[in-house]
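Read through the structure below, which is laid out as structure tokens, and then see the notes.
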Amino acid sequence: MVVAVFVKTAFILFVVIGVLAPIITWVERKQSALMQNRIGANRASVAGMTFIGLLHPAADVIKLLVKEDVVPAGANRVLHLLAPVMAAVPAIIAFAVIPFGGSYHFGETTIELVVANLDWGLLYIFAIGSLAAYGPILAGWASNSGWSFLGSLRASAQMLSYEVTLGFSVVGVFMVFQTLRLTDMAIAQDTTFRAFAFVEGLFGLTLPASLGWISALRLPNWGIFLQPLAFVLFLTAIMAENKRPPFDTPEGESEIVAGYHTEYSGMRFGLFYMSEFIGVVVIAGLITTIFFGGWSVPYLSQEMIIAGVGHFFGVGFATGFCMLVHFVSFMLKLAAMIWLQMALRWTLPRFRYDQVMNLCWKILLPLSLANILVTGAVILALEGAA
Amino acid sequence: MLTEYTGVLVILAISLVLIAVLLGIHLRVGPRREFPSKQDPFECGERPVTSPRRRIAVKFYVVAILFVVFDVEAIYFYPWGTVFRELGWFGYASILVFTLPLVVGLFYEWMKGGLDW
């Protein structure tokens with residue numbers, strides 16, 4: 001039991017920290033170069049070969065490790081060291097509840113591709129996300145620098161504000177799926193639904209037969225089709241929560257130098273940097289799981305894959321094959337969501353701080369409340385509740 | 001029942017070890033040549049005149065208070081959201097009554113200018 005958990009944890013951490021996070025730092029450079037019509041990330045080389053810039057993440061790590069560790073005079077040395085740890089740990093342990101595959105039965109044994117299958121998984125994500133606010137706050141306070149202090153003030157207010165919207169925006173989703181467990185949420189999305197059934201259910205209209213294929217159209221039972229507004233709200237709020245551009249006011253380098261990590265160097269800065277990129281992967285995983293069906297393959301449910309392949313090669317092989325297909329499907333969706341965040345990051349300019357706060361309290365919060373109430377009324381009406 | 005939390009413990013332990021190793025290597029390997037003007041907090045080349053730890057704008061406290069109010073209210077939506085099908089229209093009416101003070105409070109705050117930056 002513990003061994004299985006350990007293997008899964010080690011595997012997912014290797015994939016995320018060892019493979020994805022370095023690749024994302026490379027993607028960030030390469031994609032910015034492509035979007036700005038220039039060549040980039042081609043300097044680091046081994047024996048004259050640059051491997052399209054893929055050596056840069058390795059060069060980064062070496063550089064960060066051998067830099068001098070500067071602690072400013074007057075800084076609180078304990079908190080100064082604790083702050084990057086407080087930033088990096090929540091980012092990593094948020095992975096515990098994100099499923100990267102379903103559960104598969106091989107005879108007696110069952111393999112679940114999730115580190116910790118908590119029944120309050122979504123709430124766990126928010127609890128851990130709240131802890132992430134301590135990193136920037138402590139960093140700004142401990143550094144004894146004006147810029148850091150301004151940055152940490154901005155970070156704390158921004159992260160607190162967007163956490164409220166984040167909390168409200170997913171209520172609609174789990175009202176639809178009726179669970180907070182992320183693994184169950186992915187299983188619930190492994191089916192399809194008739195896209196225009198709600199017209200008949202709500203208004204009592206029958207779609208005319210001439211509309212044929214439209215009325216018969218079936219979509220995957222994904223969060224984005226059932227809760228499109230919640231997807232927009234969630235994406236905006238969680239990107240602001242991660243403090244990446246266009247919401248990077250806490251570190252806005254043209255205004256306050258580097259914000260809360262102005263006084264950080266070497267690996268201490270590296271941990272902040274790492275937590276941001278791991279945050280990108282966590283966000284991509286969450287969006288995939290909640291809104292894009294997690295590990296599921298659209299129109300091909302787990303039973304269909306196992307039955308179809310098992311017919312030719314036996315159930316044991318089919319289950320293993322299904323596990324592999326689901327994992328690949330999850331990674332592809334994850335990559336797409338990471339690409340989406342990178343494209344947004346290099347497309348939009350940074351918002352002003354007042355715009356960031358107004359967006360949260362005056363637009364996203366009322367919209368997310370309205371989304372909850374409308375979703376509740378529609379579901380109750382459709383199901384003919386008493 | 002508590003076995004499902006093993007994963008959280010394991011991932012916490014691994015992440016702490018990983019961070020300790022990274023920071024440990026860095027603190028060992030990095031050079032250490034300290035002199036006073038390098039240790040100064042960054043102030044665009046000037047000596048800092050005042051301490052940065054001063055009084056801060058009251059707006060940030062307002063945000064903190066609003067956060068406590070709204071986040072606690074958000075948590076109350078969670079149990080309702082998971083079981084609202086069983087509660088039916090009665091539960092829906094109850095949550096409307098519960099939301100009303102929240103919305104009125106937000107509107108009051110808005111009109112008072114508490115949300116302007």
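Things worth noting here:
- Helix-only CD estimate at 222 nm, as mean residue ellipticity for the protein assembly as shown, using -39500 (n - 2.57) per DSSP H run (n ≥ 4): -21000 deg cm²/dmol
- Per residue of B:70-83, other chain Cβ atoms within 10 Å of the residue Cβ number 6 on average.
- Rg over Rh for segment A:1-66 works out to 1.14, both radii taken from alpha-carbon positions and Rh defined as the Kirkwood radius.
- Look at the stretch A:260-269: the mean tally of other chain Cβ atoms within 10 Å of its residues' Cβ atoms is 3.
- Separation of alpha-carbon centers, segment B:1-21 and segment A:1-45, rounded to whole Å: 22 Å
- Neighbour cut-off at most 13 other Cβ (10 Å), DSSP loop, trypsin sites (Lys or Arg not before Pro), segment B:1-101: B:32, B:33, B:53, B:54, B:55
- Stretch in chain A that is longest and holds no trypsin sites (Lys or Arg not before Pro) that DSSP places in a loop and that have at most 16 other beta carbons within 10 Å: A:44-351
- Computed in the context of the full set of protein chains, the accessible area of chain A at 1.4 Å probe radius has 72% of its extent on carbon or sulfur.
- Per-pair calculated FRET efficiency, R0 = 45 Å: residue A:109 and residue A:348 via Cβ, rounded to 0.05: 0.40
- Checking the cross-link pairs A:8/A:30; A:67/B:38; A:333/A:362 against a 23 Å limit on the alpha carbon distance flags A:8/A:30; A:333/A:362 as lying beyond it.
- Rounded to the nearest 100, the interface formed by chains B and A buries 6800 square angstrom of accessible surface, both chains summed, with a 1.4 Å probe.
- Candidates A:88, A:73, A:21: whichever shows maximal mean-square fluctuation once chain A is modelled as a Gaussian network with Cα springs under 10 Å: A:73
- Estimated FRET transfer efficiency (residue A:203, residue B:85; beta-carbon r; R0 22 Å; 0.05): 0.55
- Sparse-neighbourhood loop sites, GluC sites (Glu not before Pro) in segment A:96-171 - DSSP loop, at most 13 other Cβ within 10 angstrom: A:108
- Modelled FRET efficiency - R0 30 Å, residue B:16 with residue A:255, Cβ distances, 0.05 increments: 0.30
- Shape of segment A:27-176, Cα gyration tensor, a/c cut at 1.5: oblate
- Near residue A:145: Cβ cut-off under 11 Å, other residues only, Lys/Arg at +1 and Asp/Glu at -1. The net charge is -2.
- Once both labels are positioned 7 Å from their Cα atoms along Cα-to-Cβ, the gap between residue B:40 and residue B:100 label points is 6.2 nm.
- Legend: mean number of C-beta atoms from other chains within 10 angstrom of residue C-beta atoms, peptide B:84-91, equals 5.
- Computed 3J(HN,Hα) for segment A:12-27, one whole-Hz value per residue from the Karplus formula 6.51 cos²θ - 1.76 cosθ + 1.60 where θ = phi - 60°, is 5, 5, 5, 4, 7, 7, x, 10, 5, 4, x, 5, 5, 4, 6, 4, glycine and proline marked x.
- Per-peptide packing, taken as the mean over residues of other Cβ atoms within 10 Å, places B:97-103, B:13-19 in the sequence B:13-19, B:97-103 from highest down.
- Distance between the modelled labels on residue A:303 and residue A:378, one decimal in nanometres: 2.7 nm (7 Å Cα→Cβ projection).
- Dimensions of the protein assembly as shown based on its C-alpha atoms, expressed as ranges along the principal axes with the largest first, amount to 80, 64, 51 Å.
- Probe 1.4 Å, protein heavy atoms only - accessible area per residue of segment A:74-385 in square angstrom: 36 Å²
- Between the C-alpha center of segment A:273-290 and that of segment A:230-257 there is a gap of 13 Å.
The values are calculated or read from the model by the stated rules, or taken from the named source; none is laboratory data. Bear in mind the structure is a predicted one, so any value in this text is a computation, not a measurement. Positions of Cβ are generated from backbone atoms using ideal geometry, with glycine treated the same way; all protein chains shown enter the neighbour counts. When the accessible area is computed, the model is the full protein with side chains, heavy atoms only, and any ligands, DNA or RNA have been set aside. Shrake-Rupley method; radii C 1.70, N 1.55, O 1.52, S 1.80 Å.
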